[in-house]
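**Student:** Structure in structure tokens, see below.
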Amino acid sequence: MALARIVIIGGGAGGLELATRLGNKLGRPHKAEIILVDRNPTHIWKPLLHEVATGTLDVDIDQVTYRAHASAHGFEFQLGTMTGLDREQRQVVLAPLFDENGEEILSERQLSYDYLVLAIGSISNHFGTPGVPENCIFLDSPTQAKRFHRRLLEAYLKLNSPGHPKDNLNIAIVGAGATGVELAAELHHAAAELNLYGFNDMKRDRLKISVIEAGPRILPALPERIAAAAHKELVKLGVDVRVSTKVTAADEHGLQLGEQHLASDLMVWAAGIKAPDFLKDLAGLENNRINQLLVLPTLQTSRDSQIYVIGDCAGCPLPDNKWVPPRAQSAHQMASVVAKNLMAALNGKPQQAYHYHDHGSLISLSRFGTVGSLMGNLVGGAMMIEGRIARMAYISLYRMHQVALHGWFRTLIISVIGRINKIIRPRLKLH
């Protein structure tokens, strides 16, 4: 009798954790065939992309190689991009794969499944603003983070050149959610560190960062007191924080803010997310307005019980007419429930419902501070924390993700190696 095949599309926080758990529980003992598909060969925890962009995190050290991880945890990895779905035949369509010269490496493939999990994540939503796709960087993938880092280093070199006027580096960040706020602080940290590596003219006062938010305050998804504390810290750093300000267009020289033009050398768009466009009307599955696939409480799609959805691309309603927020903790919780539900399905047992638990929110302002709340709705309200305790809690979020992938012992070893690297390696990635 053939083994049941479970295909997981997307190796982000939820997808990779799910593949790892199912590989250990079902793949190794040959109880099911587990296949993970992702368009990239490596994984990096998405909340760290702002550190990859500034160079304060070396992605070559911290990334997980899917193929090696799959071999160690009892599942198969395939490199590919999903482009279609045949629900009747239970097949996923994967696009052809080409090398850098345009030569086809793999032709279009059909991958059959018994159970399918979509964990494709999200992309930036520019809301149709003219000029944004052509002139702004979307910090929603490792590729985009590396692109920003490359352009940032080029800008630093230009400013440090004797033949270049000693002007400022203007960076505009659109969107004051967690990504935008953390990026602004991390850029100041990176500028301070650059003086150690020969960029003597790159002083922090030459770095002019503007954060533009259309809403009335920064961090709109978080409690107001957390947002106020973060706002205060950004102002201390000299960040120009503009709220209730809408970007109406972008060009190669900057952003149009109504009648005003804000000159910018680098522009980052971090003002909202949506599920990838190809999910809209995918094989007759239901969507919401930002392309998320609607799911039942069991995280099965509303129109196909063989398909599960987790993470940012899941449209999972809450009792208060809101949606489960697109956070790493949501993806982690969903992965845990779907792992149990898939094992239950294979054994003919009933599915369990997913209940979102808000364990709080933390915002890292690099070495300048960390603010946030713990426990969330578990105690009927948030417990405000900041400083060293908040920083330790923030770091622990990433450690818990590593534990889910590698286990406690290996995570401890990785943590020790990380401390050693801080001593023997450069503080910034300089290439």
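The values are calculated or read from the model by the stated rules, or taken from the named source; none is laboratory data. Every value quoted in this text rests on a predicted model; they were computed, and no experiment measured them. In this analysis, Cβ positions are derived from the backbone assuming ideal geometry, glycine residues included, and neighbour counts consider all displayed protein chains.
**Student:** In region 376-431, how many are farther than 17 Å from L48 by Cα, modelled with pLDDT of 70 or more and outside any helix (DSSP H, G or I)?
**Tutor:** 5
Residues are listed down the side, and each one gets a yes or a no for (1) without any contact (Cβ under 8 Å) to a residue 24 or more places away in the chain; (2) among the hydrophobic types (A, V, I, L, M, F, W, C); (3) in a loop (DSSP other than H, G, I, E, B); (4) surrounded by 21 or more Cβ atoms within 10 Å (Cβ to Cβ):
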position	(1), (2), (3), (4)
K246	no, no, yes, no
A250	no, yes, no, yes
L255	no, yes, no, yes
L262	no, yes, no, no
V268	no, yes, no, yes
A271	no, yes, yes, yes
F278	no, yes, no, no
A283	no, yes, no, no
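**Student:** Give the number of residues within region 135-153 that are within 21 Å of Q63 (Cα to Cα) and either of a type in the set (S, T, N, Q) or free of Cβ contacts under 8 Å to residues at least 24 places away in the same chain (or both).
**Tutor:** Residues flagged as within 21 Å of Q63 (Cα to Cα) and either of a type in the set (S, T, N, Q) or free of Cβ contacts under 8 Å to residues at least 24 places away in the same chain (or both) within region 135-153 amount to 5.
**Student:** Sticking with this one: Do you know which residues across region 73-109 are exposed (fewer than 13 other Cβ atoms within 10 Å of the Cβ) and not in a strand (DSSP E or B)?
**Tutor:** Within region 73-109, E88, Q89, D99, E100, N101, G102, E103, S107 qualify.
**Student:** Just give me the residues in region 267-279 being under 21 Å from V52 (Cα atoms) and at pLDDT below 95, in sequence order.
**Tutor:** A270, A271, G272, I273
**Student:** For T301, which of the numbered conditions (1) touching a helix residue (DSSP H, G or I) at 6+ places or on another chain (Cβ under 8 Å); (2) farther than 20 Å from L26 by Cα; (3) among the hydroxyl-bearing types (S, T, Y) fails to hold?
**Tutor:** Of (1) touching a helix residue (DSSP H, G or I) at 6+ places or on another chain (Cβ under 8 Å); (2) farther than 20 Å from L26 by Cα; (3) among the hydroxyl-bearing types (S, T, Y), only one is false for T301: (1).
**Student:** What are the residue pairs meeting all of these: first residue in region 80-109, first residue under 15 Å from R39 (Cβ atoms), second residue small (G, A, S) and surrounded by fewer than 13 Cβ atoms within 10 Å (Cβ to Cβ), Cβ atoms under 9 Å, and 6 or more apart or on different chains?
**Tutor:** Filtered contacts from region 80-109: P96/S107; L97/S107.
**Student:** When you go through D265, D277, D304, D320 one by one, which is the residue that is under 30 Å from L187 (Cα atoms) and of a type in the set (D, E)?
**Tutor:** The conditions single out D265.
**Student:** When region 49-72 is examined, which residues are found to be surrounded by 21 or more Cβ atoms within 10 Å (Cβ to Cβ) and under 21 Å from H431 (Cα atoms)?
**Tutor:** L49, H50, E51, V52, A53, T54, G55, L57
**Student:** What about T42, is it farther than 30 Å from R425 by Cα, within 22 Å of the chain's Cα centre (by Cα) and surrounded by fewer than 22 Cβ atoms within 10 Å (Cβ to Cβ)?
**Tutor:** no
**Student:** Would a scan of region 37-60 turn up a residue that is assigned by TED's automatic domain parsing to the domain that holds K340, farther than 25 Å from Q144 by Cα and modelled with pLDDT of 95 or more? Give the derivation first.
**Tutor:** To start, the set of residues in region 37-60 that are assigned by TED's automatic domain parsing to the domain that holds K340 comprises 37-60.
Restricting the remaining residues to those that are farther than 25 Å from Q144 by Cα gives none.
The answer is no; no qualifying residue exists.
**Student:** Pick from A335, A328: which is within 30 Å of V52 (Cα to Cα), crowded, with 22+ Cβ neighbours inside 10 Å and in contact (Cβ under 8 Å) with a residue 40 or more places away in the chain?
**Tutor:** Step by step, each of A335, A328 is checked, and only A335 is within 30 Å of V52 (Cα to Cα), crowded, with 22+ Cβ neighbours inside 10 Å and in contact (Cβ under 8 Å) with a residue 40 or more places away in the chain.
**Student:** Hey, could you check region 110-120 for residues that are among the aliphatic types (A, V, I, L, M) and under 15 Å from S305 (Cα atoms) and say which is surrounded by the fewest Cβ atoms within 10 Å (Cβ to Cβ)?
**Tutor:** L116
**Student:** Quick one: A192 ticks every box in (1) touching a residue at least 60 places away in the same chain (Cβ under 8 Å); (2) of a type in the set (G, A, S); (3) surrounded by 15 or more Cβ atoms within 10 Å (Cβ to Cβ) bar one, so which box is it?
**Tutor:** (1)
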